[in-house]
1. Using θ = phi - 60° and the Karplus relation 6.51 cos²θ - 1.76 cosθ + 1.60, list the HN-Hα couplings for the stretch 44-49 in order, rounded to whole Hz, with x at every Gly or Pro.
2. Whole-Hz Karplus ³J(HN,Hα) for the stretch 32-38, in order, using 6.51 cos²θ - 1.76 cosθ + 1.60 and θ = phi - 60°, x for Gly and Pro?
3. Using the Karplus curve 6.51 cos²θ - 1.76 cosθ + 1.60 with θ = phi - 60°, work out ³J(HN,Hα) for each residue of the stretch 95-109 in order, rounded to whole Hz, and write x for Gly and Pro.
4. In terms of the ratio Rg/(2.2 N^0.38 Å) built on C-alpha atoms, what value belongs to the stretch 44-144?
5. Please list, by residue number, everything in the stretch 31-50 whose backbone N is under 19 Å from a paramagnetic label point 7 Å out along Cα→Cβ of Ser144.
6. Quick one: which residues, 5+ away or cross-chain, put their amide H under 5 Å from the amide H of Leu140? H built at 1.01 Å from N.
7. Would you order Phe127, Phe99 from fewest to most other beta-carbon atoms within 10 Å of each residue's own beta-carbon?
8. Within 10 Å of each candidate Cβ there may be at most 15 other Cβ atoms; applying that plus a DSSP loop requirement, which GluC sites (Glu not before Pro) in the stretch 64-129 survive?
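Derivation of every value follows stated rules applied to the coordinates shown; laboratory data play no part. Values in this document were obtained by computation on a predicted structure and should not be read as measured data. Reconstructed Cβ throughout: ideal geometry from the backbone, glycine too, with neighbour counts over all protein chains shown.
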Amino acid sequence: MAKRLHIQLFLSVLLLSAVISPSCETNRGLIIPYVQVHVDLDLYAELGSMGIGTTRTIPNEGHSGIVLYRENDLNFHAYDMTCTEYPEHDRGVVRDTVFDGVYRCPKCDTRYVILNGAYPDSGPAEFPLVEYRTSIQGNLLLISN
């Protein structure tokens with residue numbers, strides 16, 4: 001009886017600690033400073049020349065700029081260019097000169113692969129670049145948080 005009580009107590013504590021301890025992924029939005037983002041881009045006039053599988057930088061938006069990735073005709077991903085290892089750094093990630101679709105932090109040299117959800121493939125950063133919501137309304141691509 002006492003052994004069963006100890007097991008139940010142990011399992012309760014284990015379950016409670018799993019529920020209370022925050023997940024890194026749930027804190028992902030807190031990795032970089034919050035800024036209000038609302039960008040409207042015309043699919044034809046501003047993005048018509050952007051090919052499938054390519055990226056484009058949108059400066060002066062988000063915290064350190066936004067990198068926009070076009071997955072297919074109507075599916076876009078927008079990532080803040082702030083390195084998740086050094087969010088206080090005054091420069092965002094920059095396009096890699098060797099590999100297309102890869103952005104590198106000039107401070108810590110973390111490389112983020114935009115094609116796989118902007119996850120780091122080398123360097124000290126553990127978290128991907130923060131992604132903003134994208135949606136299409138009429139002929140506009142809307143980027144927001």
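1. Running phi through 6.51 cos²θ - 1.76 cosθ + 1.60 with θ = phi - 60° gives 9, 6, 9, 10, x, 8 Hz.
2. Each residue's phi maps through the Karplus curve to give 10, x, 6, 9, 6, 10, 8 Hz.
3. 4, 5, 7, 9, 10, 6, x, 10, 10, 10, 7, x, 8, 10, 6
4. In units of the 2.2 N^0.38 Å rule of thumb, it is 1.03.
5. Residues 34-43 qualify, since their backbone N sits under 19 Å from the label point.
6. The answer is Leu43.
7. Exposure proxy ranking, most exposed first: Phe99, Phe127.
8. Loop-located and lightly packed - Glu88, Glu126.
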